[in-house]
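J.: Take a look at this one; I'll ask things after.
The values are calculated or read from the model by the stated rules, or taken from the named source; none is laboratory data. If you're wondering where the values come from, they're calculated on a predicted model, not measured in any experiment. Note: ideal-geometry Cβ built from the backbone for every residue, glycine included; neighbour counts use all protein chains shown.
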Amino acid sequence: MSNTNDFLKTPIIETENNSSNTSNSTPIKEQPSSSIIKISKTNAIISNTCLLVWAILLAVIGMQAVSGKASTIILEIAEVVASSNKSSALGITGPTSSPSPLTSPTNITSSDVSAMLNDYIKKTYPGRNQTFIPPISIVLDRLQVSVNWRDADEIDQANGDNRGAPNSNEYNALFDIVAKRLEAIADFSPEVSVSSNFKINNNIIPLKFRATNVETGSQKFQKFQEQEIDLPVEAILWVKARQASATARKSQISFLDLFILLLILGGFGSWIYLVRRHIDPSIKVDLYEYFYRPPLGMTLAIAVFIVNISLHSFVSTSNINQVRRETLILLAFAAGLLSDKTYEFIEKVAGKKLDDNHVDNNRQAANNPQRE
């Protein structure tokens, strides 16, 4: 009886041995645990670094956008690039370098003064359109009621030989005084019209350019008298153009700041979504998501911005700057925070649209078979 039991048990033992031998003969190649640990550590370092860099970048640019500096920097860079392209289109004639100081009445002429004015305008307003350059010479003609400022001989004779003729530095100082006064009138005055009556006081003229009560041959110069002088029409038009340009620039800055802020909010929304997934141990986050998630949120924010602006232009005739910013800011942040849901919705709608088009095309092909 015992032999029979031994006989029955023997195949089982052999089978077990065979299976163990088979498993030993074909070992499974597994990746060393040390390399897996190294890869996981590397991925952790990269993901944490990406989150930190995105947080710093979004915070810095966001603060610049809120303070209005981001748009200003962008516009200044654009103006520098534009001015380098338009510097040859000014149409200002004159020497490229400043003339040497002139101290003697016999060395200075009206053409020299005009050349100094052209050189001053070139240096003070490089690359600017002539429309936005103060009409300095026209205003100076009004301010110098007793002396022609363009004629150095008359200035010297009117002020007396002991004073001497103005040199180029003094002329440049005169131009600078008048230009700054005109800019102050434009920047700190209410909105003007062509019929506005603006005045400028001639007390801004330096002493060397003021006439004394003197007679020189057939000419008689009255003593300089302080008074308010009406600005010429050309100066008023310049003031109006400068004010309109300042208003347009403020609108551009406000609009650009809003656009940058929406980008940052979209990126922040995606960044918060990414952090939530990053700290959840039950969710596996692919490494490439740390790179594309914030840009995806920014892109969705841009899409929300464009759609909102387009709808505003359809339903309203008001200016684009009158769009409710609170709504745009909320939608941009939500687009970033719910980037997955937004993307799935867009993908679902687009896929359904493509399927419908495919069905329609197949139906039209079935109804209209091609003839051989």
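J.: Taking the residues in the stretch 181-209 that are among the charged types (D, E, K, R) and surrounded by 13 or more Cβ atoms within 10 Å (Cβ to Cβ) as candidates, determine which candidate is nearest to Ala152 (Cα to Cα).
T.: Lys208
J.: Counting just the residues of the stretch 29-57 that are at pLDDT below 80 and not polar (S, T, N, Q), which one comes out farthest from the chain's Cα centre (by Cα)?
T.: So the residue we want is Lys29.
J.: Spot the failing condition for Val239; the list is (1) outside any helix (DSSP H, G or I); (2) modelled with pLDDT of 85 or more, and only one is missed.
T.: (1)
J.: Still on this model: Which one of these does Gly297 not meet: (1) modelled with pLDDT of 70 or more; (2) within 21 Å of the chain's Cα centre (by Cα); (3) more than 16 Å from Leu261 (Cβ to Cβ); (4) of a type outside the set (A, V, I, L, M)?
T.: That leaves (3) as the condition not met.
Per-residue answers, yes or no, for (1) among the hydroxyl-bearing types (Ser, Thr, Tyr); (2) closer than 19 Å to Phe132 by Cα; (3) in contact with a Pro (Cβ under 7 Å, 6 or more places away or on another chain):
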site	(1), (2), (3)
Lys180	no, yes, no
Ala184	no, yes, no
Asn202	no, no, no
Ile205	no, no, no
Thr212	yes, no, no
Glu215	no, no, no
Lys223	no, no, no
Val233	no, yes, no
Val239	no, yes, no
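J.: Over 21 Å from Gly68 (Cβ atoms) and at pLDDT 85 or above, is that true of Ser310?
T.: For Ser310, the condition - over 21 Å from Gly68 (Cβ atoms) and at pLDDT 85 or above - is not met.
J.: Are any of the residues in the stretch 210-224 buried (at least 18 other Cβ atoms within 10 Å of the Cβ) and farther than 30 Å from Asp156 by Cβ?
T.: No, the stretch 210-224 contains no residue that is buried (at least 18 other Cβ atoms within 10 Å of the Cβ) and farther than 30 Å from Asp156 by Cβ.
J.: Now a separate question. Can you name every residue in the stretch 82-113 that is modelled with pLDDT of 75 or more and part of a helix (DSSP H, G or I)?
T.: Ser110, Ser111, Asp112, Val113
J.: If you don't mind, another one. Looking only at residues in the stretch 114-158 that are in a helix (DSSP H, G or I) and touching a strand residue (DSSP E or B) at 6+ places or on another chain (Cβ under 8 Å), which one is surrounded by the most Cβ atoms within 10 Å (Cβ to Cβ)?
T.: So the residue we want is Ala158.
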